Amino acid sequence: MIEQVINDFPILKQEIRGKRLAYLDSGATAQKPRQVIDAISNFYLADNSNVHRGVHALSERSTALYEGVRKKTADFINAKSSKEIVFVKSTTEAINLVAQSYLKPLLNKGDEILISEMAHHANIVPWQLIAKEKGAELKVIPVLDCGELDIDKAHALMTDRTKLLAITHVSNVLGTINPVKELVDMAHAKSIPVLIDGAQAVLHQKVDVQDLDCEFYAFSSHKMYGPTGVGVLFGKYEILDSMTPYQGGGDMIMQVSWDKTEFQAPPTRFEAGTPNIAGVIGLGAAIEYINDLGIDSIYQYEQELLTYATEKLKTIPGLRIIGEANHKAAVVSFVLDGIHPHDIATILDVEGIAVRAGHHCAMPLMERFKVPATVRASMACYNSKEDIDQLVAGIKKVIEIFS
Ligand code: 7TS
């Protein structure tokens, strides 16, 4: 796979500080293949116009392209209909939309929102905001030492006061792939709706929202080889149709008078104002790119890299991997005895290696593992064993410098 793929990512061919670039920070944002960059620039060169507005040819063309990506996105996650796909700016915005338009109106004093200890802040803070406003409470599913969710505790924490389970599909820190289908079934048995944060899942493995049967699924284009500024909220149509928008403006209305406003049907109801049209076109190209490579091949390839990286890293004395779940995506977080993660990342950078060091927007999880931060190497389809070897050599250099 790698020989074919690497040529599609011109950015990866540069040197950083005179060293070969090993980009191991796809968890923060993935690089974009030429196909995505070309789709965006071709849109501006040939098709640019606002959508859903004009009757002129360019507007019809851009509307068709934009709506075409909605269909492509629906097919990508096997949604029943493209009407279940809302374009937003990010996973963060998708979760805020559900918090404000779906859950807040349903929430009463004493109600509970169930999240997990491995949640990204994007799947914590929107719930905290509405819980505070409505006198509701956040309940947290604990993470076991191995980095897996405590499923028994999850079960016990689902009560008749639980109004939503908001769960991470793949942890951006631990790499854990959670048993989301099992959790959805468990929640549904107690009539609890489920939102899945799929920001770190969609680029690594096949997602089928009909099979999962979740009420909502959120993800970001930029983590799956698409541009920044576009996110997707999948919602079951009947639920989207029951929701009142929390942002108003152009395009989302049927009729506006001084007395009242009638809204469009979903998904338009939730897309106030001019959307990120070129970004959505780019997302369409990213989906095509993934489909062409084959998501199952990507999964297999990345699993090989993960195994290779884990084995190599484990041979380094003083290195501790945080997150050793049985079922993991290609993400490895680690700490080194006596060396701060920021120092590690700074020295690795000098060696041409891009990793993220910090709390990864998961501060409660850092507290859980009693570390201030971790170093995270996150992989994608364009990485190779050479990148891992470079990382391992870089870490050995760090240890040498600090010894
Ligand atoms: N959920 C998870 C699991 C994430 O990893 C991220 C971003 C988000 C939500 C938010 O996505 P956004 O596109 O709205 O920002 N995670 C990371 C990361 O791990 N490093 O940088 C961003």
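Just checking, how many residues over the range 14-50 are more than 16 Å from the ligand (Cβ to nearest atom), part of a loop (DSSP other than H, G, I, E, B) and either open to solvent by less than 40 Å² (accessible area, probe 1.4 Å) or in contact with a His (Cβ under 8 Å, 6 or more places away or on another chain) (or both)?
Of the residues in the range 14-50, 3 are more than 16 Å from the ligand (Cβ to nearest atom), part of a loop (DSSP other than H, G, I, E, B) and either open to solvent by less than 40 Å² (accessible area, probe 1.4 Å) or in contact with a His (Cβ under 8 Å, 6 or more places away or on another chain) (or both).
Return the only residue of Phe334, Phe234 being within 25 Å of Thr29 (Cβ to Cβ) and either in contact with an Asp or Glu (Cβ under 9 Å, 6 or more places away or on another chain) or open to solvent by 20 Å² or more (accessible area, probe 1.4 Å) (or both).
Phe234
When the range 188-200 is examined, which residues are found to be surrounded by fewer than 24 Cβ atoms within 10 Å (Cβ to Cβ) and closer than 23 Å to Glu84 by Cα?
Scanning the range 188-200 gives His188, Ser191, Ile192, Pro193, Val194.
What number of residues within the range 220-241 satisfy the criterion of being touching a residue at least 40 places away in the same chain (Cβ under 8 Å) and away from the ligand (no atom under 16 Å from the Cβ)?
Residues in the range 220-241 being touching a residue at least 40 places away in the same chain (Cβ under 8 Å) and away from the ligand (no atom under 16 Å from the Cβ): 5 in total.
In the range 51-64, which residue that is of a type in the set (Gly, Ala, Ser) and open to solvent by less than 40 Å² (accessible area, probe 1.4 Å) is nearest to Glu351 (Cα to Cα)?
Among those that are of a type in the set (Gly, Ala, Ser) and open to solvent by less than 40 Å² (accessible area, probe 1.4 Å), it is Ser62.
Given (1) over 23 Å from the mean Cα position of the chain (by Cα); (2) over 23 Å from Gly279 (Cα atoms); (3) outside any helix (DSSP H, G or I), identify the lone condition not met by Ile115.
(1)
Give the residue, chosen from Ser101, Ser90, that is away from the ligand (no atom under 16 Å from the Cβ), over 15 Å from Cys214 (Cβ atoms) and among the polar types (S, T, N, Q).
Unique residue meeting the criteria: Ser101.
Which one is surrounded by the most Cβ atoms within 10 Å (Cβ to Cβ), of the residues in the range 159-174 that are of a type in the set (S, T, N, Q) and within 16 Å of the ligand (Cβ to nearest atom)?
Ser171
Could you please give the count of residues in the range 349-378 that are more than 13 Å from the ligand (Cβ to nearest atom) and either within 14 Å of Thr29 (Cα to Cα) or buried (at least 23 other Cβ atoms within 10 Å of the Cβ) (or both)?
1
Give Arg61, Arg53, Arg70 a once-over and let me know the one that is in the same structural domain as Gln264 (by TED's automatic domain parsing), of a type outside the set (Ser, Thr, Tyr) and either assigned to a loop (DSSP other than H, G, I, E, B) or in contact with a His (Cβ under 6 Å, 6 or more places away or on another chain) (or both).
From the options Arg61, Arg53, Arg70, the qualifying one is Arg53.
For the range 73-83, what are the residues that are open to solvent by 10 Å² or more (accessible area, probe 1.4 Å) and under 22 Å from Thr274 (Cβ atoms)?
Correct list: Ser82, Lys83.
I'd like to check something: does the range 275-288 contain any residue that is open to solvent by 40 Å² or more (accessible area, probe 1.4 Å), touching a strand residue (DSSP E or B) at 6+ places or on another chain (Cβ under 8 Å) and not β-branched (Val, Ile, Thr)?
Looking through the range 275-288, at least one residue is open to solvent by 40 Å² or more (accessible area, probe 1.4 Å), touching a strand residue (DSSP E or B) at 6+ places or on another chain (Cβ under 8 Å) and not β-branched (Val, Ile, Thr).
With respect to Thr346, is the statement that it is at pLDDT 95 or above, open to solvent by 50 Å² or more (accessible area, probe 1.4 Å) and under 24 Å from Lys13 (Cα atoms) true?
Taking the combined requirement at face value, the residue satisfies it.
Got a sec? Which strands (runs of 3 or more DSSP E) wholly within the range 187-238 have at least 1 residues that are over 16 Å from Thr73 (Cα atoms)?
194-197
Taking strands (runs of 3 or more DSSP E) that do not extend beyond the range 293-403, which have at least 3 residues that are within 23 Å of Val202 (Cα to Cα)?
So the answer is 331-336, 374-378.
Would you confirm whether or not the range 323-333 contains a residue that is in the same structural domain as Asn123 (by TED's automatic domain parsing) and β-branched (Val, Ile, Thr)?
no
Out of Lys328, Lys396, Lys385, Lys312, report the one residue that is more than 19 Å from the chain's Cα centre (by Cα) and within 24 Å of Lys32 (Cα to Cα).
Lys385
If I filter the range 121-131 for residues that are within 26 Å of Lys190 (Cα to Cα) and more than 16 Å from the ligand (Cβ to nearest atom), do I get at least one hit?
Yes; the residues of the range 121-131 include at least one that is within 26 Å of Lys190 (Cα to Cα) and more than 16 Å from the ligand (Cβ to nearest atom).
The values are calculated or read from the model by the stated rules, or taken from the named source; none is laboratory data. Being a predicted model, the structure only gives us computed values, none of them experimental. All Cβ positions, even for glycine, are placed from backbone atoms using ideal geometry, and neighbour counts span all protein chains on display. We work out accessible area using only protein heavy atoms, side chains counted, and drop any ligands, DNA or RNA first. Shrake-Rupley method; radii C 1.70, N 1.55, O 1.52, S 1.80 Å.
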